[in-house]
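Chemist: Can you read through this structure? Questions will come right after.
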Amino acid sequence: MKSNNTVLVALFAALIVVLSLIPPIPLPGIPVPVTLQTLGAMLAGAMLGPGRGALACLLYLVLAAIGLPVLPGGRGGLGAFFGPTGGFLVGLVVGAFVTGWLARRLAGAAAGFGRQLAGSAAACIVGGILVVYACGVPWLAVVTKMGLPKAALAVLVFVPGDLIKALLAAWVATRVERVWPMRGR
């Protein structure tokens, strides 16, 4: 890996750490709080592309796994991966990869800001929401023993906020890509 790629991966891992330091908002009835981690994963994928975006998220998770307090609420350590949010954490890596892959195909070849923004938004919604939920909801259902349908209903409360994060990430990625192309490298 070239040194500029290493720097970008580390920079975006640090960005996810910073977004995770914003205090989580607990919700009644569900052991998963509202955080900004998915915004970081969407930005990493949409701006860096699939490989580097996934690596940035993986680096973030490695920092958490070795015990650094980089997860929301100042948590860290392997125990976080076995709790109700463990599937969502792993989903960040897969989600960033899918977001980056889709962003290259949907926004990278599009002409005009509006089409690029729409492509980036679709990539962030599919990768940053659907894929992350596809990893997190089954894990939440198993760990909490609430059943898959109930877990899926429980996370619906996050969808409006995640849609806002996806649109914000798409807008930022599209604006930055116009002046500093990183995605296609």
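The values are calculated or read from the model by the stated rules, or taken from the named source; none is laboratory data. Quantities reported herein were computed from a predicted structural model and do not represent experimental measurements. Note that each Cβ is placed from the backbone with ideal geometry, even for glycine, and that neighbours are counted across all protein chains shown. Side chains included, ligands, DNA and RNA excluded: accessible areas come from the protein's heavy atoms. Shrake-Rupley method; radii C 1.70, N 1.55, O 1.52, S 1.80 Å.
Chemist: If one computes the Cα centroid of region 117-179 and of region 43-72, what distance in Å separates the two points?
Modeler: Answer, in whole Å: 16.
Chemist: Of [x] 107; [y] 137; [z] 98, which is the value of volume of the Cα convex hull per residue in Å³ derived from the coordinates here?
Modeler: Given [x] 107; [y] 137; [z] 98, the structure-derived one carries the label [z].
Chemist: Keeping every protein chain in place, order M146, M42 by accessible area at 1.4 Å, biggest value first, i.e. largest first.
Modeler: Values: M146 45, M42 0 Å².
The ordering from most to least exposed comes out as M146, M42.
Chemist: For region 8-25, take each phi angle, set θ = phi - 60°, evaluate the Karplus expression 6.51 cos²θ - 1.76 cosθ + 1.60, and give the result in whole Hz per residue in order, putting x for glycine and proline.
Modeler: Taking θ as phi minus 60°, the curve returns 5, 4, 5, 4, 6, 5, 5, 4, 5, 4, 4, 5, 6, 6, 5, x, x, 10 Hz for region 8-25.
Chemist: Okay, helix-only estimate at 222 nm for the chain: each DSSP H run of n ≥ 4 adds -39500 (n - 2.57), divide by all residues, round to 500 deg cm²/dmol; what do you get? Intermediate results must be reported in sequence, preceding the final value.
Modeler: Working: 8 runs with 122 residues, N = 185.
Taken over the chain, the calculation gives -21500 deg cm²/dmol.
Chemist: Then there is this: Could you work out what % of the accessible surface of the chain is carbon and sulfur, using a 1.4 angstrom probe and leaving DNA, RNA and ligands out of the count? Don't skip to the answer; put the middle values down first.
Modeler: Values: 6580 of 8630 Å².
So the carbon and sulfur contribution to the accessible surface is 76 percent.
Chemist: Here is a follow-up. Give the long-range amide H neighbours of R75: residues separated by 5 or more places, or on another chain, with amide H under 5 Å away, using H modelled in the peptide plane at 1.01 Å from N.
Modeler: Residues meeting the amide H criterion: none.
Chemist: Additional query: What is the log10 of I(q)/I(0) for region 21-73, computed with the Debye formula using one identical point scatterer on each Cα and no solvent, at q = 0.14, 0.17, 0.24, 0.27 Å⁻¹?
Modeler: Ignoring solvent entirely, the Cα scatterers give -0.43, -0.61, -0.96, -1.04.
Chemist: What does the accessible area per residue of region 66-162 come to in Å², with a 1.4 Å probe and no ligands, DNA or RNA counted?
Modeler: On the way: 4500 Å² over 97 residues.
With the other protein chains kept in place, region 66-162 gives 46 Å² per residue.
Chemist: Moving to a separate point now. Got a sec to turn the phi values of region 49-61 into Karplus ³J(HN,Hα) couplings, 6.51 cos²θ - 1.76 cosθ + 1.60 with θ = phi - 60°, whole Hz, x for Gly and Pro?
Modeler: Those phi angles translate into x, x, x, 5, x, 5, 5, 4, 5, 5, 4, 4, 5 Hz.
Chemist: PRE reach from W171 (point 7 Å along Cα→Cβ): which of region 102-141 fall under 14 Å by backbone N?
Modeler: Within reach of a label on W171, which here means backbone N under 14 Å from a point 7 Å along Cα→Cβ, region 102-141 contributes 114, 117-118, 121.
Chemist: Say each of V142 and V159 gets a label point 7 Å from the Cα, pointing the same way as Cα to Cβ; how far apart are those two points in nm?
Modeler: Rounded to a tenth, the inter-label distance reads 2.5 nm.
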